[in-house]
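All remarks here apply to the structure that follows.
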Amino acid sequence: DQQVKQNSPSLSVQEGRISILNCDYTNSMFDYFLWYKKYPAEGPTFLISISSIKDKNEDGRFTVFLNKSAKHLSLHIVPSQPGDSAVYFCAAYNAGNMLTFGGGTRLMVKP
Amino acid sequence: EAGVAQSPRYKIIEKRQSVAFWCNPISGHATLYWYQQILGQGPKLLIQFQNNGVVDDSQLPKDRFSAERLKGVDSTLKIQPAKLEDSAVYLCASSLDYGELGEQFFGPGTRLTVL
């Protein structure tokens, strides 16, 4: 039972344009969401997070949007840079403090 | 600040053999996690420690997997005997304290191949 889903396994974007990565969840008990970025042969690194009491959080080029009624969140990267090419994971905490990850989306930013 | 250390980085074994992975979390981090990441999937939590006590091991296949965290610092994850489907990257992560809904810091992982 996948409680966190990233339905797009890959995304290709031109440098300078916006990248939008999407994530859907089914568990209404999730109350804190995170995005992680992963390069090959490295562990995931934290990118940005959002609490369920907010609908937007911004950090430089990265913005996460949360739509609780739709159980959907998205990560916007503007402008996209070649160094942003990586696998992005959406993750969610439930009340048991267990982090559940989505399957990941591979982002390729073309120069 | 040193990150989460893991060893070995790569391991190849035959099925039915045993293997052990080691993790040293960030200094001062009370909570330690082991994840299994199968190719093409997201990390899946296997076990979570708070200091040297187990908080959650509901997804650990206890018939073959075991983990310990001696003295609340380093941790080892063991598989005995290994199966083909155990081929994955095993990630260790740590965070400052249990109950904090914040960032977990990940190590580079150990890539296990079971032949």
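Bear in mind these aren't lab numbers, they're just calculated from the coordinates by the rules spelled out. If you're wondering where the values come from, they're calculated on a predicted model, not measured in any experiment.
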*asked:* Debye calculation, C-alpha points only, no solvent: report log10 I(q)/I(0) for the stretch B:33-115 at q = 0.14 Å⁻¹, in the same order as the q values.
replied: -0.46
*Please report how far the C-alpha centroid of the stretch A:29-59 lies from that of the stretch B:42-115, rounded to the nearest whole angstrom.*
20
*How many percent of DSSP beta bridges within the protein assembly as shown run antiparallel, rounded to 5?*
90
*State the number of lysine pairs found in chain A whose Cα atoms come within less than 26 Å, restricting to pairs 8 or more positions apart or on distinct chains.*
21
_GNM top mover of A:65, A:46, A:33 - chain A, alpha-carbon springs below 10 Å_ = A:46
